[in-house]
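Coordinate-derived values only; no laboratory data. These numbers were taken from a predicted model, which means no experiment stands behind them. Cβ coordinates were reconstructed from backbone atoms using ideal geometry, including for glycine residues, and neighbour counts include every protein chain displayed.
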Amino acid sequence: MEQQNQYDEISLRELIEILLKQKKLIIGTTIVCVLAAFILSFFVMEPVYEAKTVLMASNITDKYKAKQRGEGIEGILDSVAEVPDLTIETYKEQVKNPVILEEIVKELKLDEKEMTRLSLADMIELETIKDTNLIAIKVKHIDKKLATDIANTLSEKFVNFITTKSKEQANKSSISIESQKNVQKQKLDDVLVEYKDFLAQPKGVKELKADITAKIEMVTEYKTKLAEEKVNEQQLRAKISKAQEELQNTPEKVSLKKSLSDDPYMSQVVNEKTNQSSSDLFNVAIEVEERNGNYYSLKNTLSNFKIQLSESLAKQQNLKKEMIKAQTELEKLQVDFAEKQYEERIITRKVNLAQSTYDAFNKKLEEISVAKSSILEDANIVIQTPALEPIKPVSPNKKLNLAISGVLGVMVGVFLAFFREYWKNSAASSKEVA
């Protein structure tokens, strides 16, 4: 370990001795480098000026999209009327647009100075200021007035370019939606005409519904009357049965014992034949048969009951026929009503769909017309600070160049010192070996 430390100490001593020994070389090299940098910085290199303009962008695109995004037809319209993202990075990427650079070259006649849009793009440096919506455009050139003109012209051209593109996009969406709105308006008119023709047809839904209600009431009335007649039939049959039973137990004729005085005719005849008075004939009795009034009364009642029963049965038969007829008509009306209702549902759905679609297009067109100006103004980019002619050049940085040349001269001198010492030692070793 001690031997290793000794070798390190000897090596460090040798290095320091080499540096001290070759100090003239190192100092000379450093002086030469500093002198060269001084001559280049002060007499050879031309001063470069930097013109700076600052743009401010306001992005409301995301907010606008969040508000307008919807569902169904509204979602489709939102995608059609979608405004492209106008972020800081989008603006930054568009600053060096070839169209803008070409316009600057022509306007400032840079082609006479043998400058193209490619060389112009190399002169432009972009910088986004952190946590802000500011974009700094820097233009470097040896002519400070030209650099200022380029920076200001670039900012103006860029603002006009962004505004024009935004207007074109908004107008394109507006024209597209306006065209589709007119198509939907024609469809709505056609559907409304179809709906009016449907309503003008005879036997509409409301009329059929009223007829069905009337037929249902009629069938109900027939059923009620039929039930009443069935009850009446049962009652008549019960009465007939009871009358027949009573009629069977009632004799048609009855035998009666009468005195001759009770019969005026017989009393007169006997009086004339026998010259007897009524009082004398009072004790003379005869037996006669007479019609039983109850029997014939029951018979007449029974006949009336049978007639009423026949009338009730006939009435039931007629009620059944009328009820069957009304039910058949009711079923037909219900079928017609279902078909009409289905047709009305379809045509109503078409009308509602056409109306809602047209309203959606109309609403979206109004939103675009209201929001277009807001988007173009609020989301547009504006010149916050125009470029002024720079007072001092940004390059060459003479002090920095001298400092760098000094450091570089020392490094080159040290390298040359070690190389020179190595060369001498290797030459001596070669002689000893020879």
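Per-structure values
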item: Likely footprinting exposure, Thr220, Thr53, Thr29, Thr90, fewest C-beta neighbours within 10 Å first; result: Thr220, Thr90, Thr29, Thr53
item: Over 24 Å (Cα to Cα) - which of Lys52/Lys130; Lys181/Lys206; Lys203/Lys223; Lys187/Lys332 fall in this group; result: Lys181/Lys206; Lys203/Lys223; Lys187/Lys332
item: Net length gained if the chain between Glu102 and Leu192 were fully extended (0.36 nm per residue, minus Cα distance); result: 26.8 nm
